[in-house]
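Here is the structure we will look at.
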Amino acid sequence: MLKVLVEIFEKGTIESNNSGERIPLHSNTTKDQGLFLQQVFDLVKPQKTLEVGFAYGISTLFILEKHKEINSLDKAHIVIEPDEYWGTAALHNIEKEGLTKYLKIESDFSDMVLTKLYHEKYTIQYAYIDTTKIFDVVLQDFYFIDKILEVGGVVILDDCGGGWPGVQRVARFINTLPHYSKLAAHNQKKQTLKKKLGVSILTFLFNILPFKMRAYPTIDFKTDKELGLDFSCIAFQKNEVDNRKWNWDKSF
């Protein structure tokens, strides 16, 4: 693991500039999840990758470390981040590790950048989405990532598992797509005994509800656990091109 990452996780702070000033971390990718991103990278062996969301650049450092290992081409990893709220810490630590050559930052909103990449016929083999938690925005990001993702590539969603319902609905939708399958997942969500009991009772009641699919045709009544989606970070692999017919539909 990179020296700066070891230091970040040991101290719980991140160096933000050349003067050595350190600031507290928050909303950051954990060490275990960063290692999970690298494990998925090793499974796919991508040449070009993309990330929506930058923040303190923790996940970016994990991904760039892998690009250095395989001696990728310059600007092999695109990061989309329009928000200056996070300051200079991410770029500072990437420069400190000598990884800048592998990085290209797009300082605009994802709907502008991803559509541009699509029209430029740019392709990738690996994408990580860790951004807003708004359902339609994350779904739009996935839609255009799917357009530029090569067969065999992966798209990884962060903040799944039900903690952020908007993101979870996107995960449930992707799980219905015939040209995708779940490749790997990290950090299975734990439930208290009380919640488990409540979910079991509700699931039983929904299952015996007559005509439920006729009354609620857009809802899949299976739980996230039943679908294997009760994880905070999920990698979906694209197995073939999207050849759905015009009238394809599935509840999620």
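The values are calculated or read from the model by the stated rules, or taken from the named source; none is laboratory data. Owing to the predicted nature of the structure, the values given are computational and were not obtained by experimental measurement. All Cβ positions, glycine included, derive from the backbone under ideal geometry; neighbour counts span all protein chains shown.
General observations
- So K147, is it at positive phi, among the basic types (K, R) and either surrounded by 14 or more Cβ atoms within 10 Å (Cβ to Cβ) or part of a loop (DSSP other than H, G, I, E, B) (or both): no
- Some residue of region 66-79 being out of contact with any helix residue (DSSP H, G or I) (no Cβ under 8 Å at 6 or more places or on another chain), on the phi > 0 side of the Ramachandran plot and in contact (Cβ under 8 Å) with a residue 12 or more places away in the chain: no
- Test result for S200, modelled with pLDDT of 95 or more, among the polar types (S, T, N, Q), loosely packed, with under 15 Cβ neighbours inside 10 Å and not in a loop (DSSP other than H, G, I, E, B): no
- Out of L37, L43, one residue alone is of a type in the set (A, V, I, L, M, F, W, C), modelled with pLDDT of 95 or more and surrounded by fewer than 18 Cβ atoms within 10 Å (Cβ to Cβ). It is L43.
- Restricting region 1-34 to residues that are part of a helix (DSSP H, G or I) and under 17 Å from the mean Cα position of the chain (by Cα), the residue that is surrounded by the fewest Cβ atoms within 10 Å (Cβ to Cβ) is D32.
- Within region 83-119, considering residues that are among the hydroxyl-bearing types (S, T, Y) and within 20 Å of the chain's Cα centre (by Cα), the one farthest from K66 (Cα to Cα): T115
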